[in-house]
Amino acid sequence: MTEQIRFNETSPEGSELAYLQESVESGHMSSSGPFSRRAGALLQQQTGAQEVLLTTSCTAALELSAMLLDLQPGDTVVVPSFTFVTTALAFARQGARILFCDIEPRTLGLDPEHLSTLLDDSVRAVVPVHYAGVACDMDGVRKVLAGRPDVSIVEDNAHGLYGRLGGQPLGSLGRFATLSFHETKNITCGEGGALLVNEPGDVDRARVLYDKGTNRRAFFLGQVDKYSWKDTGSSFGLSDTLAAYLCAQLEQAPVIQAKRRAVFERYVRLLAPRSAQLGYSLPVVPEGSDPAYHMFYLLLPDRSARDAVLAGMRADGVQPTFHYVPLHDSDGGRRFAARESECPVTVDVSGRLVRLPFHNNLGEADAQRVADSFLSSLTAHRTGR
C-alpha cells in the first residue's frame, strides 16, 4: 500500500524534547515561567514589538486585543470575509458588530477599495489578514484610514511570522498583532499564540488584562509593593511547558524558514510550467513583499475542477484541502454583521482554492508525487476521463 502524504506533519527541529524535560523537572509548568520569558524575548527581538504576551491560542490573542480596544455599543470592526471564524468572533464577543470586507484577487488580503465603502463613523478597528504569509495591501489600507486616528489596525498575523513588507516585519504594522503557534503553523507548540503590542502606551494595560485584571506584572517588576485587582481581564497565559517547546522552535527559525522556502520553490518549479495550459494560478508575491512561506495554494478554474482535484488526489493517497468558507454567508456572520455586504471575490476564491501538503520536511520525492497527482487529477477532469 502506498504511503499517504499528509497535509501537515509536525517535527522537532532542535532542543524541543530536552526543553520539555527541563520544564517538567523545574517544577514551573504554569504560565509566565523562564521559558515564557525566553520565548517572549526572542519574539520581541524578531518582531520589534514593545511587548509580547504569550497566549493559549491566536484566538485568545485576538480576544485580548478586542478587550484593549474598549469597544462600546454601536461600534463596528472590519474583518475580511475570507478568514478563520475567530478573526471576527473575538470582536463580536466584546459586543462589536462586524463589517465583512472582500479580498483583492492577487494576495487574497483585505481589499482597500471595498474597505473605503464600508468605513463610517462607527468603525473602531480594521483587522487585515496576511493570507498565506503574504502581506496584504497595507499601503492601501493606511491610505483609506488616513485622517481616522480613532480606527486601530489589528493585524491577524496567524500566517505571517517572519514575513516582511518593505523590510518591516509583518506584525509590526498595526497597533496590535496576533500570532498563532498551532500545529499547522511554521513555528508551533501544538496550541499557542501571542499578542504583539506595538505602541508603548498600551503596554501597561495589556499586562493587566493579560494577568486576570491585576497588576501582578508590575509587582514582579518591582513597580508596586503588592498587586490587586485593577481592571477587566482573563487568564490568557501559555503554559511554560508549551513555551519550552516554542522556545526551541523559535531558536531554529532560520532553519525552519529555509526548509519551508525550499518546499515553496520546489512546488513553483514543478507546477508553474503547466499553469497557463491547464488554467490554474499560483500564489502571487508582490514586489517589496517577502513571504513567510506558510502554505502553498493553487486557484483552479472553477469549483467543479477544485472538487475533482481534491477527490483525485485523495484517491492517490495525497491529502490536499480547501480553505475558508465565506464568513459573511455563514449563520454567525449574518447574526453579528452590522449590515449586509457583498464579497464576490471571497465567494469565487473560496470555491476554487486548493492547499497542497506543506510542512518543514516535505522532500523532493513527495513534492514530485504531489505535483504529479495534482496535474493528473486536473487533466483527467478537463478531458472527462
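Brief remarks on what is shown
- Scanning the stretch 212-245 for residues that are of a type in the set (D, E, K, R) and at pLDDT 95 or above gives a single hit, Asp240.
- Residues that are touching a strand residue (DSSP E or B) at 6+ places or on another chain (Cβ under 7 Å) and either modelled with pLDDT under 95 or farther than 21 Å from Asp111 by Cβ (or both), drawn from the stretch 69-97: Leu69, Leu71, Asp75, Ala92
- Residue within the stretch 47-54 that is hydroxyl-bearing (Ser, Thr, Tyr), touching a residue at least 12 places away in the same chain (Cβ under 8 Å) and under 24 Å from Thr83 (Cβ atoms) present: yes
- Of everything in the stretch 338-351 that is in a loop (DSSP other than H, G, I, E, B) and small (Gly, Ala, Ser), the residue that is farthest from Phe296 (Cα to Cα) is Ala338.
- Flag for Leu299 being closer than 30 Å to Ile187 by Cβ, modelled with pLDDT of 95 or more, not assigned by TED's automatic domain parsing to the domain that holds Ile187 and not charged (D, E, K, R): yes
- Of the residues making up the stretch 11-32, just one is of a type in the set (S, T, N, Q), surrounded by 15 or more Cβ atoms within 10 Å (Cβ to Cβ) and outside any loop (DSSP other than H, G, I, E, B), namely Ser23.
- Annotation: of all residues in the stretch 33-55 being part of a loop (DSSP other than H, G, I, E, B) and surrounded by 20 or more Cβ atoms within 10 Å (Cβ to Cβ), the one that is modelled with the highest pLDDT is Ala49.
- Tally of residues being assigned to a helix (DSSP H, G or I), of a type outside the set (A, V, I, L, M) and in contact (Cβ under 8 Å) with a residue 40 or more places away in the chain across the stretch 275-308: 3
- Pairs, first within 15 Å of Arg274 (Cα to Cα) and in contact (Cβ under 8 Å) with a residue 40 or more places away in the chain in the stretch 365-385, second loosely packed, with under 15 Cβ neighbours inside 10 Å and of a type in the set (A, V, I, L, M), C-beta under 8 Å, six or more apart: Ser377/Ala311
- Looking only at the stretch 309-337, residues that are surrounded by fewer than 17 Cβ atoms within 10 Å (Cβ to Cβ) and not in a loop (DSSP other than H, G, I, E, B) come to 9 in all.
- The single condition from (1) over 26 Å from Arg207 (Cα atoms); (2) at pLDDT 95 or above; (3) under 20 Å from the mean Cα position of the chain (by Cα) that Ser11 fails is (2).
- Residue in the stretch 68-78 that is among the hydrophobic types (A, V, I, L, M, F, W, C) and closer than 30 Å to Pro283 by Cα present: yes
- Only residues that are touching a helix residue (DSSP H, G or I) at 6+ places or on another chain (Cβ under 7 Å) and closer than 21 Å to Phe84 by Cβ were counted across the stretch 354-380, and they come to 4.
- Matching entry among Leu165, Leu250, Leu145, Leu173 (being buried (at least 17 other Cβ atoms within 10 Å of the Cβ) and under 30 Å from Glu22 (Cα atoms)): Leu250
- Filtered residue count, the stretch 274-293, keeping only those that are more than 16 Å from Ala132 (Cβ to Cβ) and among the small types (Gly, Ala, Ser): 4
The values are calculated or read from the model by the stated rules, or taken from the named source; none is laboratory data. Bear in mind the structure is a predicted one, so any value in this text is a computation, not a measurement. Don't worry about glycine lacking a Cβ; one is built from the backbone with ideal geometry, like all the others, and counts go over all protein chains shown.
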